[in-house]
Amino acid sequence: MKIIFTAIDIVYNWARSNSLWPLTFATSCCGIEMISASAASYDIARFGAEVFRASPRQADLIITAGTITHKMAPALVQLYEQMPEPKYVIAMGACCITGGMYENDSYSVVRGVDRLIPVDVYLPGCPPRPEALLDAIIKLQKKMKTESLLERKQYLEAHKPRVILSEDRDCEILLPNPDFEVIHWGVQTIGYDKDYKKAEVNCV
Amino acid sequence: MYDLYAKILNILRLPEIIAQLTWAVIPFACIAALMVFVVIFLVLMERKFLAWLTVRKGPNRVGPNGFLQTFADAIKLLFKEDIMSEETNKLLFTIAPVIAFAPVMIIYGLMPFTEHLIAINIAVGLFLVFALSSLTTVGIVLAGWSSNNKYSLLGGMRSAAQAISYEIPLVIAVLSIAVLAGSLNLKEIVTAQSGGLFSWNIFPAFIGFIVLFICSIAEVNRVPFDLPEAESELVSGYNTEYSGMKFALFFLAEYAALFIMSVLISTLFLGGYLPPFNDYLSIILLDNIIKNQAIMDILIHLEQGFWLVAKTYTLLFLIIWIRGTLPRLRADQLMGFSWKFLLPLAFINLILTSIIKLAIQGY
Amino acid sequence: MKNAVNKTISGIIEIARGMATIMKHFFRPSITLEYPEKKPDLPPRFRGRLALLTNSDGTDACIGCKSCVKVCPCVDLIQIETSKDPETKKIVVEQFTIDIGRCIFCGNCTEICPKNAIVSTDEFELADYSRESLVFDKKALTLDPEKSQRLRDKKEKEVK
């Protein structure tokens, strides 16, 4: 029985890792690099990933290319939840990973997209080269090829969305879940309250 | 053919009734297999050709030179989660891809791929083909309506409007073929074109060929007439809410319809399975060498298949080429093009071919 | 009527011209750079991951002046811990961390550095599976003397 499951896993992992259909989702300058990755000189089609789907129902991968603001956050979470399993996330660019240069004193930027959705591959750069995006896709394929369906379920369980989405889609409730321990290096460690205080200090 | 099949089953000591029952199933099994094979190859071909047209490389990582890319896509779509939102009409939502898919499959049975390779040979084949090909639109409209999504609904409505306007010039263009061949049977239409390149229907009815070609691109919702799934306007059109296998069925139906439309155009206008010479190549070249009639028959059969495939893939390449070149039309341009331009052309074509027919036959 | 015919003919010609142009590309060799096999030719001033240089005798080039910390547009991106050596009274850099996940690769730190101790390398394949692994500490940032010399020479060439 185990052998059969392993065989299925191998075939299935091969299939889904070679047919990553990304969602057409770009919020700022990293999106331009994403577009040029699908153009002639870099050609994301070589990995079978040129099928940019407009509908999240048919996408396997969301490349969060660009700054995610508090206003965009509910839309992003909604798009992610609309995608069918198995789904993967590449956080592209500094703004997506940690907030980048907006991290200290911005009133509007989400500090790291992994507070909203579970991220599989972090791709730093401001913006990263198209080759770096291809590299991220290769690394994601590597990850997909080594994981089984059961492991994926456990991973998602451990990386549940870290934000409580309010009923009326009000952005103010988009605060980090207090139970969740923010993985972050450096000064800023907890929630946004501290950030705001810090921002004031910086402004002064 | 049936006798041979019954004999084989008789050797295997199976009763006659099994042969009778299974004989009807075999063509459909073959058609389904053919359809899946054709679509898998066609999708790969399109992705490769589009890549080459835009100076790219196209899929080349999966299997030898990217040959297994579509297999990977198919397996992935099979295993993908099937999402159905709460507010959908669940019965119609499930049945819509099947309604879009089934008529295309029946059209495969009506097509004369070679002289003997035709599953259902009926007198009104041409009529039935167009009746069935417009049924696909019902599936699309149902998908749009049952999804309970405004984009899907708009896509479905657009598809209905498009199908209604493009069906008319399409059928009138095809009417000239019925006039020329004097029959609605697809096999007879092909036989009427025998006698080399210049007896093909494309010469008396060239305008009809153009009209049918444009209309069939619109009929299968291809670029530049892909308004029902216009990505920049309607997210993904009628299949916005579809995921996994149901989406794959729509995908399959679209590409299968594309292939069968090309087969239809080559059957009606380019002589179908007939060669562009006076006689079959195998007869011209090998008649003196091979004396055995049975081998000759097989060779001719294969050659017929080759000619049809060659013509079909030429047309398919043309369609992919158009997709690589032209942008999408606006909705009003689409309608105006059909009613103001294609319809008069189709009528002119009908009159011209009738005159030619009368002039040749002399009454 | 005449207008319509003219329009039709010109439309056909235009579409044919467009399609011919596309067909020309069909026979051109593809310009795709096969990325994972062939690495790209980066421009000489490409700003990749930051790195710390060492002197030829293996000691840190960084003197712990913290100019880079001041000039960095991301507050607290670069964190330096220093201590004074009680014997030689020199500043010793104990910890030097850069969060690549926040870095915007502007290169201000490389320009301000008085000793050219911090430089941009050509490395751009930085994708990783976790956010912690994007934080580079002093050990990960420091290059060996040989590489450092190469980078230093390159930078001097640029300045000229």
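The values are calculated or read from the model by the stated rules, or taken from the named source; none is laboratory data. All figures in this text were calculated on a predicted structure; none of them were measured in a lab. Reconstructed Cβ throughout: ideal geometry from the backbone, glycine too, with neighbour counts over all protein chains shown.
Scanning the stretch B:1-29 for residues that are exposed (fewer than 13 other Cβ atoms within 10 Å of the Cβ) and in contact (Cβ under 8 Å) with a residue 24 or more places away in the chain yields a total of 1.
The rows are residues; the columns are (1) within 13 Å of chain A (Cβ to nearest Cβ); (2) without any contact (Cβ under 8 Å) to a residue 12 or more places away in the chain; (3) within 30 Å of residue A:79 (Cα to Cα).
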position: B:31; (1), (2), (3): no, no, no
position: B:43; (1), (2), (3): yes, no, yes
position: B:52; (1), (2), (3): yes, yes, no
position: B:66; (1), (2), (3): yes, no, no
position: B:70; (1), (2), (3): yes, no, yes
position: B:75; (1), (2), (3): yes, yes, yes
position: B:81; (1), (2), (3): yes, no, yes
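Of all residues in the stretch B:293-347, those satisfying the criterion of being of a type in the set (D, E, K, R), in contact (Cβ under 8 Å) with a residue 40 or more places away in the chain and more than 25 Å from residue B:205 (Cβ to Cβ) are B:323, B:328. Selection of the stretch A:80-111 for residues being modelled with pLDDT of 85 or more and at positive phi yields only A:93.
Restricting attention to the stretch C:106-134 and to residues that are buried (at least 19 other Cβ atoms within 10 Å of the Cβ) and within 13 Å of chain A (Cβ to nearest Cβ), the residue that is farthest from residue A:146 (Cα to Cα) turns out to be C:120. Take the conditions crowded, with 20+ Cβ neighbours inside 10 Å and either at pLDDT 85 or above or within 14 Å of chain A (Cβ to nearest Cβ) (or both) and apply them to residue B:137. Does it pass? Taking the combined requirement at face value, the residue satisfies it. Residues in the stretch C:1-53 that are in contact with a Cys (Cβ under 9 Å, 6 or more places away or on another chain) and away from chain A (no Cβ under 14 Å): C:52, C:53.
So is residue C:46 out of contact with any strand residue (DSSP E or B) (no Cβ under 7 Å at 6 or more places or on another chain) and in contact (Cβ under 8 Å) with a residue 24 or more places away in the chain or not?
yes
Within the stretch B:292-333, take every residue that is charged (D, E, K, R) and part of a helix (DSSP H, G or I) and give me the one that is surrounded by the most Cβ atoms within 10 Å (Cβ to Cβ). Looking at residues that are charged (D, E, K, R) and part of a helix (DSSP H, G or I), I get B:311. Applying the condition of being facing chain B (nearest Cβ under 8 Å) and part of a helix (DSSP H, G or I) to the stretch A:18-56 and asking which residue is surrounded by the most Cβ atoms within 10 Å (Cβ to Cβ) yields A:45. Taking the stretch C:1-55 as the range and being more than 30 Å from residue A:135 (Cβ to Cβ) and outside any helix (DSSP H, G or I) as the test, the residues that pass are C:1, C:27, C:55.
If you go through the stretch C:56-91 and keep only what is more than 14 Å from chain A (Cβ to nearest Cβ), surrounded by 15 or more Cβ atoms within 10 Å (Cβ to Cβ) and not in a loop (DSSP other than H, G, I, E, B), you end up with C:60, C:67, C:68, C:82, C:91. Of the residues B:122, B:107, B:99, B:118, the single one that is free of Cβ contacts under 8 Å to residues at least 60 places away in the same chain and farther than 16 Å from residue B:240 by Cβ is B:99. Within the stretch B:212-231, the set of residues being without any contact (Cβ under 8 Å) to a residue 60 or more places away in the chain and facing chain A (nearest Cβ under 10 Å) comprises just one member, B:231. Answer yes or no: is there a residue in the stretch C:5-14 that is at negative phi and touching an Asp or Glu at 6+ places or on another chain (Cβ under 7 Å). No, because not a single residue in the stretch C:5-14 is at negative phi and touching an Asp or Glu at 6+ places or on another chain (Cβ under 7 Å).
Which ones in the stretch B:349-363 are surrounded by 15 or more Cβ atoms within 10 Å (Cβ to Cβ) and not hydroxyl-bearing (Ser, Thr, Tyr)?
Residues of the stretch B:349-363 that are surrounded by 15 or more Cβ atoms within 10 Å (Cβ to Cβ), as a first pass: B:349-350, B:352-354, B:356-357.
Scanning the stretch B:349-363 gives B:349, B:350, B:352, B:356, B:357.
Checking every residue in the stretch C:57-64 against the condition of being touching a Pro at 6+ places or on another chain (Cβ under 7 Å) and farther than 25 Å from residue A:93 by Cβ gives at least one match. Any chance the stretch B:55-66 includes a residue that's in contact with a Pro (Cβ under 9 Å, 6 or more places away or on another chain), of a type in the set (S, T, N, Q) and either outside any helix (DSSP H, G or I) or not assigned by TED's automatic domain parsing to the domain that holds residue B:305 (or both)? Yes, the stretch B:55-66 has at least one match.
For residue B:315, are the conditions met, namely being in contact with a helix residue (DSSP H, G or I) (Cβ under 9 Å, 6 or more places away or on another chain), under 25 Å from residue B:184 (Cβ atoms) and not polar (S, T, N, Q)? Against the criterion (in contact with a helix residue (DSSP H, G or I) (Cβ under 9 Å, 6 or more places away or on another chain), under 25 Å from residue B:184 (Cβ atoms) and not polar (S, T, N, Q)), residue B:315 qualifies. Give the residues of the stretch A:83-117 that are among the acidic types (Asp, Glu) and surrounded by fewer than 24 Cβ atoms within 10 Å (Cβ to Cβ), sorted by residue number. Correct list: A:85, A:105. Scanning for something within 14 Å of chain A (Cβ to nearest Cβ) and assigned to a loop (DSSP other than H, G, I, E, B), does the stretch B:242-255 turn up at least one residue? There is at least one residue in the stretch B:242-255 that is within 14 Å of chain A (Cβ to nearest Cβ) and assigned to a loop (DSSP other than H, G, I, E, B).
Kindly indicate the residue of the stretch A:94-127 that is over 10 Å from the mean Cα position of the chain (by Cα) and small (Gly, Ala, Ser) and also farthest from residue C:72 (Cα to Cα) among those meeting that condition. Checking each candidate, the answer is A:108.
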